[in-house]
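Presented below is the structure to which this report refers.
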Amino acid sequence: MLSSLTTFAMMALTASAHYTFPKVNGGGDWSVVRRADNFQSNGFVENIQGPQIRCFQKSHSGASQTLNVTAGSTVTYYSNQGVFHPGPMQFYLARVPDGQSVQNWQGEGAVWFKIYHEQPGFGQQLTWSSNGKSSFPVKIPSCIRSGYYLLRAEHIALHSAGQTGGAQFYVSCAQLGITGGGNSEPPQKVSFPGAYDPNHPGIRININWPIPTSYQNPGPSVFQC
Ligand SMILES: *[C@@H]1O[C@H](CO)[C@@H](O)[C@H](O)[C@H]1NC(C)=O
Ligand SMILES: [Cu+2]
């Protein structure tokens, strides 16, 4: 009885500590960002080989709005409450093929390139600059082609990642129109699902003991102009 009560209390605590990524810049929640399946539960993607790892949608549903931004500018992605778990923020972009609609395109195939990933500080424990924050500025590369894109936000919570399947993925995708770009094509693109292996050292990692002295972000290297 005691243990089931404890389990229940821990579950309640855990649920309240989860989060979503519903907003970019000044828009409303889930207006430019596609409504993620965790919009009520604040839960996380558990199966990183299933469809939800892409945009946290089991079945596709576009957002009603698209935010136009200039290449080279910074957009700010927001979580609905502070990101309380330790682990990296990462951002990816995928360009909507010409002639296809940003609302309908599902982001399938090896189309995603990484534009940011967070490295921890090392010491008595790993420290993450995302910890406790609820706004995350990310710079759109100035040299990529203009057009419509999906911007994928991802926070990987590592507090129980010591065993396979223990990492928690908090994900959503925003619809952007990027103007004033260049003509660079990022060389390394990945698909979701597909990019991540559950046993990647940045996904299955005990961050508590021994304290890691390095951290390898999952996914491709960050594209730079
Ligand atoms: C928004 O961005 C798209 C893609 O670059 C562009 O085709 C469109 O003209 C832009 N709309 C405005 C109002 O700037
Ligand atoms: Cu949580």
#### Entry: Qualifying residues in the range 34-66 (those that are closer than 19 Å to Asp197 by Cα and open to solvent by 30 Å² or more (accessible area, probe 1.4 Å)) - the one modelled with the lowest pLDDT
Glu46
### Task
Pull up the range 204-225, narrow it to residues that are among the hydrophobic types (A, V, I, L, M, F, W, C) and within 20 Å of Lys114 (Cα to Cα), then point me to the one that is surrounded by the fewest Cβ atoms within 10 Å (Cβ to Cβ).
Cys225
### Task
Can you give me the number of residues within the range 14-27 that are under 11 Å from Asn80 (Cα atoms), open to solvent by 10 Å² or more (accessible area, probe 1.4 Å) and at pLDDT 95 or above?
1
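When you check Gly43 against the structure, is it within 16 Å of ligand 1 (Cβ to nearest atom) and of a type outside the set (A, V, I, L, M), yes or no? Quick ask: steps written out before the conclusion?
Values: within 16 Å of ligand 1 (Cβ to nearest atom): no; of a type outside the set (A, V, I, L, M): yes.
For Gly43, the condition - within 16 Å of ligand 1 (Cβ to nearest atom) and of a type outside the set (A, V, I, L, M) - is not met.
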### Task
Search the range 112-126 for residues that are within 12 Å of Gly202 (Cα to Cα) and pair each with any residue that is open to solvent by 50 Å² or more (accessible area, probe 1.4 Å) and part of a loop (DSSP other than H, G, I, E, B) when their beta-carbon atoms are under 8 Å apart and the residues are at least 6 apart or on different chains.
Glu118/Ser129
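The values are calculated or read from the model by the stated rules, or taken from the named source; none is laboratory data. Note that the coordinates shown come from a computational prediction; the quantities given were computed from them, not determined experimentally. Counting neighbours? That spans all protein chains shown, and the Cβs are built from the backbone with ideal geometry, glycine included. For the accessible areas, the whole protein counts, side chains as well, though only heavy atoms, and no ligand, DNA or RNA atoms are used. Shrake-Rupley method; radii C 1.70, N 1.55, O 1.52, S 1.80 Å.
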